[in-house]
Amino acid sequence: MTAPTTAPTTAPTTLPAVDGAKALRVGAIAGVTAIFIAAIGMVEVFDDHSVIDPLLSLGYLSIAWIPLLFGYRATHQLVLEGMEPPKTGAHNLISGALTGAFGGAMLGGFALLVDTVDVREILINVTPRLIEILAFGQSAAVGALILIALGGAIGALGGAFHLMSNHWRRAVSSAFLWILIVGFLELVLGNVFKGFGVGFLNDVVYSESRGITTGAAVVIGVAVVAMHFGFAGSAAAVRERFLSLPEAKRRSTGFIVAVTLMAVGMVVPSVFGPFLNEVLATVGLFMLMALGLNIVVGYAGLLDLGYVAFFAVGAYTMAVFSSPLTPGDFTPEMAFYSALPFVIIMATIAGIIVGTPVIRMRGDYLAIVTLAFGEIARLVFQADWLKGMFGGAQGILRIGWSEAVGKSTIVTMFGYVLVAVGGVVGLIGFLRWRSARADDDASSAKKAGIWIGLGTTAAVIGLLFPDFASWTVTGIDSEAVFRLVLVFVALAAFISWRLQDSRIGRAWMAMREDEQVAETMGINVVTAKLLAFIIGAILAALGGALFAVKIGTIFPSSFKIVQSIIILVVVIVGGMGSLRGVAVGALVLIGVLGGPTQPGMLREFQEFKLLIYGVLLVYMMLQRPEGLIPSARRSRELHGDELKQDVWLDKDGEEEV
Amino acid sequence: MATRTKSQPLMRLNQDVSTLAVDVFLFAMKVALIFFTLWAIVGTVALQVNGQGLTGAAWGDLVVGGLSQGFMYGLIALGYSMVYGVLGFINFAHGEVFMAGAMTGYFVADALFDAGLWENAFILAILIVLLSSVVTSTVVAVLVERIAYRKLRGAPRLIPLITSIGMSFFLQYSVKGLFGASFKTFPQLPEGLQNRVSVFGLEVEGIKLLVIVAAIVSMLALWFFVERSRTGRAIRAVSEDKEIAGLMGIDVNRTIVMTFAVGGAMAGVGGMLWAMLFRKVFFLTGFLPGIKAFTAAVLGGIGNLGGAMLGGVTLGLVEASGPNMLGGLSWAIPTWLAYLAAAFGAVVAYWGVHRLRSGDVRKVGVSLGMLVMGVVGVFMGIFVLPGFSATVPGASQLKDMIAFIVLIGVLMVRPAGLLGERLASEERA
């Protein structure tokens, strides 16, 4: 992975021979992968969605990447520090072509086989339509030949990546990537174009079958490559400059970027259609929960698999406190914000109940016990036993119901917001005043006094005019729901950010790295673990409360373990312990694939998303356990001793135990 | 610890109140768990004596049902236990290995049924089904090890666990994608297996008897394999200490693969039996039995083969009789028993005070918990418990919950399990 620092002293003169056996082995894996993807029905379901019109549909794309990747892998070697890089040449191309062709042959053979023998009894997704797609509309035999030829060509292309310089390779890959991204973002960009009055662009870039036009694809590809060379190194330079800023400045820059993004997030939904806003609202909810789980898993290193329990507790508390149709006699019919303190209290209790038994357990037992708690929560809400309280399998209707509006509603009165903000400002002022007084610092004390005064004034004004302005959000208006959720996400992100380097944050970090050592160094592991559970629980419960009002009706079946696992995937793919990572992870994963039942932007993925989440989890753990946007410390923890000078000594790695 | 003064525990009290509060809370949870278990058992017995309980035959059915279910849990638990013993992580995907066996069992049985072999030569057919289930499960288990776990040897403990969760999802939804989400119905069993046969005075369904016998036979085979064969010895050596086993000339890698293979084979047997007994298989079949089998492995003592089987059977019995036991809570506690509980509470409270005063520094939390719970016990025994009863409607829905509570309870009260755990030296935390 690292480039060699010294030129090899003795350069071998001959190129390495084509390793046919390896090419065939890799090709066989490629073939099995392709057959698998075809047989689970992905190719057929995706076929209607074109990516580059008329060249490539998503269906073909779902298998076309295979020869490309495996063709590249066929001659790929890990270059460690101090090793000389392998010679590149024709053998890369031949191996790649061989790999791709063999994979194509396997897929073609499969198509031939299922064309003659009907296997639909067992493999229900191997339909005549699939065979037709695989044969490119020809007979199966001709189709198989086409598959072999195409596989070979794409495989050779994959092999050709070895011949390019690093720079070119990066440029070409990102050109491919950008074409795909623009293709996938059809829905978003189309809305944005329309929203900003340049709707005609839509017809230029996209065809009717939701793909980008060939011309646009070429333009994008050329533009990206040109950008790569035009701005070569400038991205790195910007990064370099950012990193060279002093710590305080870097923080404030990061803060400004975050605030800007939030502002954009507040504005953008107005140009989106209802479907995209629905997706965005789901993204926001999952981001909120992922931020919570990030505290438990990322900061404190406690693998909580039953996180959905807290989500359910939040949703049910909100439901019981706010619905006029609560099954029991206890119907306070509170408004959203009046019920919120109870949500927080119940979440705290739930956090303590789940957190206490697992405190002394080792990590994997903790995981399985939290999983058990997650299932128990669902069973409790589902059982007839407590039907009088939680409505059993029928759930609870009309959550956050407002008689006046006739919908599930959240009314934010800015007077009370002012009270809350004033209270916080006043508290900060008081704390500063106290520390200033201890230091005998008169000028600081004076400044703190101003804070106290401002805070108190704001609070008083808020109390006097609680409804001088208000913001009503109804559950079915996903655009408004998203904005409200974004406010909560901002709050959660701010809390996480402040916690990261706080006293408790550092205690979590120490505990994550070595619990015994942390305890020996005087960290109270018990409180640290419980606090992580409680804060995580509160954030999940807030998500649950918002979710409950958003959809207005909750059923126990919304709170399955899958939910926990999906949030876990978001945290792990984004990067455990990295706020940016978690935010981006939620945006990309939930935005594209969707939640357990909620659709994402690519609705075609609905059937396959849990499969993909599973694959992602395995892939990330094997290749990048620290996540896509890792926190620096976490990657050091996980890759401490890799890529060192002497790792190649046990290159096979298999003997190592 | 040389000079224990009486003031020491009180000083500790001042030092971290939160830790003590947590200890007390934990103690209270344990007491509540034990109290409700005892109440349910005593109540069930009392109701039975009063003639309000189930008939003997119904109990017999429950026990046999619990046993057959439990033996299947045991078969799956063996795989969890062996892998945990050797590699020290929970192979979450093992439930899916079991599901693969059950699925294969269905497909082969269905094909044989269509071919007519099922009815004409049932024994042969069932052997073919068994063989294919075992082979599939073994192959799946070994492949999972090769693809997902081999690279992660020596990674932090949670990394392979997360990987196995991903693998579990991948396998579940692959099966859904390939074979559809519908329930697959296993072909009707021949008459002889559906009828009841009489064993030891119990009327037992033939199929359940078959399940129990098959499970015992497989378990014995496994036991012989592990205890007597060369490979078995290698497995035991590797689970004792991988490094030294390697130095002794054992191929550690091959042995680990063998462990997965053997565990997978047992899960295959379990899956095939499951498909025969419940006659319904679908892509999520492996999830709950998987978690429950892990519970069984922990209950018996992880890494311990006999323990896995014992844990499985215990869990099966608890699960089968649990919902009825919950009915025992409707037994009104008689006054004398409540007062007895109050007296016991007083003793415990005094004991706690005694421990606090004698300055047993290590377990201040437990002593405090004894004091608190003793006082609570006295209060409850006098004012609340006399004549107290609780009814739990729809108790049969709580079957799964009972299994999960068993898991949590065991890990809280006795994490080493019934027979004690046997783990590789580097995995003992």
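The values are calculated or read from the model by the stated rules, or taken from the named source; none is laboratory data. Because the structure is a prediction, the values reported are computed rather than measured. Cβ placement follows ideal geometry from the backbone for every residue including glycine, while neighbour counts extend to all protein chains displayed.
Total residues in the range A:568-584 satisfying the condition of being of a type in the set (S, T, Y) and within 8 Å of chain B (Cβ to nearest Cβ): the figure is 0. Remark: A:M289 matches the filter, which requires a residue to be under 30 Å from B:L158 (Cα atoms), in a helix (DSSP H, G or I) and either of a type in the set (G, A, S) or more than 14 Å from chain B (Cβ to nearest Cβ) (or both).
Would you point out the residue of the range B:233-249, among those that are β-branched (V, I, T) and within 11 Å of chain A (Cβ to nearest Cβ), that is nearest to B:M309 (Cα to Cα)?
Checked the range B:233-249; the qualifying residue nearest to B:M309 (Cα to Cα) is B:V238.
Within the range B:410-424, track down each residue that is part of a helix (DSSP H, G or I) and more than 9 Å from every other protein chain (Cβ to nearest Cβ).
Passing the criteria: B:V410, B:V413.
When the test is whether a residue is under 21 Å from B:F179 (Cα atoms) and within 13 Å of chain A (Cβ to nearest Cβ), B:L273 does not pass it. Selection of the range A:329-357 for residues being buried (at least 16 other Cβ atoms within 10 Å of the Cβ), within 14 Å of another protein chain (Cβ to nearest Cβ) and closer than 20 Å to A:L539 by Cα yields A:T348, A:A350, A:G351, A:I352, A:I353, A:V354, A:G355, A:T356. Of the residues making up the range A:221-258, those that are aliphatic (A, V, I, L, M), more than 30 Å from A:R169 (Cβ to Cβ), free of Cβ contacts under 8 Å to residues at least 40 places away in the same chain and surrounded by 10 or more Cβ atoms within 10 Å (Cβ to Cβ) are A:L245, A:I256.
Would you confirm, using the coordinates I've provided, whether B:V375 is more than 14 Å from chain A (Cβ to nearest Cβ), over 20 Å from B:K292 (Cα atoms), surrounded by fewer than 19 Cβ atoms within 10 Å (Cβ to Cβ) and hydrophobic (A, V, I, L, M, F, W, C)? Criteria met by B:V375.
Can you name the residue in the range B:117-162 that is within 13 Å of chain A (Cβ to nearest Cβ) and not in a helix (DSSP H, G or I) and, of all such residues, is surrounded by the most Cβ atoms within 10 Å (Cβ to Cβ)? Ranking the qualifying residues of the range B:117-162, first place goes to B:R157. Selection of the range B:359-375 for residues being of a type in the set (A, V, I, L, M) and either free of Cβ contacts under 8 Å to residues at least 40 places away in the same chain or not in a helix (DSSP H, G or I) (or both) yields B:L371, B:V375. Number of residues in the range B:276-331 that are of a type in the set (S, T, Y) and surrounded by 24 or more Cβ atoms within 10 Å (Cβ to Cβ): the value is 2.
A Cβ distance below 8 Å, combined with a sequence gap of six or more or placement on separate chains, defines the contacts here; from the range B:194-209, residues that are hydroxyl-bearing (S, T, Y) reach residues that are in a strand (DSSP E or B) and surrounded by 13 or more Cβ atoms within 10 Å (Cβ to Cβ) in the pairs B:S198/B:V204.
Return the only residue of B:A93, B:A125, B:A141, B:A111 being of a type outside the set (F, W, Y), in contact with a Ser or Thr (Cβ under 7 Å, 6 or more places away or on another chain) and modelled with pLDDT of 90 or more.
Numbers: B:A125 fails: in contact with a Ser or Thr (Cβ under 7 Å, 6 or more places away or on another chain); B:A141 fails: in contact with a Ser or Thr (Cβ under 7 Å, 6 or more places away or on another chain); B:A111 fails: in contact with a Ser or Thr (Cβ under 7 Å, 6 or more places away or on another chain).
Answer to the check: B:A93.
Please give the helices (runs of 4 or more DSSP H) falling wholly within the range A:156-213 in which 2 or more residues are crowded, with 19+ Cβ neighbours inside 10 Å.
On the way: elements: A:166-184, A:186-195, A:199-205.
Per the criteria, A:166-184, A:186-195.
Go through the residues of the range B:212-221 one by one and say whether even a single one is more than 14 Å from chain A (Cβ to nearest Cβ), part of a helix (DSSP H, G or I), closer than 30 Å to B:G306 by Cα and modelled with pLDDT under 90.
Residues of the range B:212-221 more than 14 Å from chain A (Cβ to nearest Cβ): B:212-221.
Checking the rest, the ones that are also part of a helix (DSSP H, G or I) come to B:212-221.
Next, only the ones that are closer than 30 Å to B:G306 by Cα stay: B:212-221.
Applying the additional criterion that residues be modelled with pLDDT under 90 yields none.
No, the range B:212-221 has no match at all.
The conditions of being of a type in the set (F, W, Y) and closer than 28 Å to B:R153 by Cβ are not met by B:F200.
Got a sec? Which of A:L147, A:L93 is in contact with a His (Cβ under 9 Å, 6 or more places away or on another chain) and either β-branched (V, I, T) or buried (at least 20 other Cβ atoms within 10 Å of the Cβ) (or both)?
Result: A:L93 is the single residue among A:L147, A:L93 that is in contact with a His (Cβ under 9 Å, 6 or more places away or on another chain) and either β-branched (V, I, T) or buried (at least 20 other Cβ atoms within 10 Å of the Cβ) (or both).
If we scan the range A:524-535, do we find a residue that is crowded, with 22+ Cβ neighbours inside 10 Å and more than 14 Å from chain B (Cβ to nearest Cβ)? Scanning the range A:524-535, I find at least one residue that is crowded, with 22+ Cβ neighbours inside 10 Å and more than 14 Å from chain B (Cβ to nearest Cβ), so the answer is yes.
Looking only at residues in the range A:585-601 that are surrounded by 20 or more Cβ atoms within 10 Å (Cβ to Cβ) and aliphatic (A, V, I, L, M), the one that is farthest from the other protein chains (Cβ to nearest Cβ) is A:M601. I'd like to check something: does the range B:180-193 contain any residue that is within 14 Å of chain A (Cβ to nearest Cβ) and within 21 Å of B:L131 (Cβ to Cβ)? There is at least one residue in the range B:180-193 that is within 14 Å of chain A (Cβ to nearest Cβ) and within 21 Å of B:L131 (Cβ to Cβ). Taking the criterion of being touching a Ser or Thr at 6+ places or on another chain (Cβ under 9 Å) and among the small types (G, A, S), the residues of the range A:407-422 that qualify are A:S408, A:G415, A:G422. Where helices (runs of 4 or more DSSP H) sit wholly within the range A:329-431, those with at least 1 residues that are β-branched (V, I, T) occupy A:336-358, A:363-382. Set side by side, the residues A:L484, A:L491 differ, and just one is touching a helix residue (DSSP H, G or I) at 6+ places or on another chain (Cβ under 9 Å), part of a helix (DSSP H, G or I) and without any contact (Cβ under 8 Å) to a residue 60 or more places away in the chain, which is A:L491. When B:L305, B:L317, B:L299, B:L337 are screened for being within 14 Å of chain A (Cβ to nearest Cβ) and not polar (S, T, N, Q), only B:L299 passes.
Residue count for the range B:210-232, restricted to those that are free of Cβ contacts under 8 Å to residues at least 12 places away in the same chain and under 21 Å from the mean Cα position of the chain (by Cα): 3. Scanning the range A:112-144 for residues that are under 22 Å from A:F46 (Cβ atoms) and among the small types (G, A, S), we see that the one that is farthest from the other protein chains (Cβ to nearest Cβ) is A:G137. For the range B:283-300, state whether one or more residues are part of a helix (DSSP H, G or I), touching a Lys or Arg at 6+ places or on another chain (Cβ under 7 Å) and of a type outside the set (V, I, T). There is no residue in the range B:283-300 that is part of a helix (DSSP H, G or I), touching a Lys or Arg at 6+ places or on another chain (Cβ under 7 Å) and of a type outside the set (V, I, T).
If a residue has to be surrounded by fewer than 20 Cβ atoms within 10 Å (Cβ to Cβ) and more than 17 Å from A:M576 (Cα to Cα) to count, how many in the range A:510-522 make the cut?
Residues in the range A:510-522 being surrounded by fewer than 20 Cβ atoms within 10 Å (Cβ to Cβ) and more than 17 Å from A:M576 (Cα to Cα): 7 in total.
Evaluation of B:L277 against the conditions (1) within 24 Å of B:M219 (Cα to Cα); (2) within 17 Å of the chain's Cα centre (by Cα); (3) part of a helix (DSSP H, G or I) shows that the sole unmet condition is (2).
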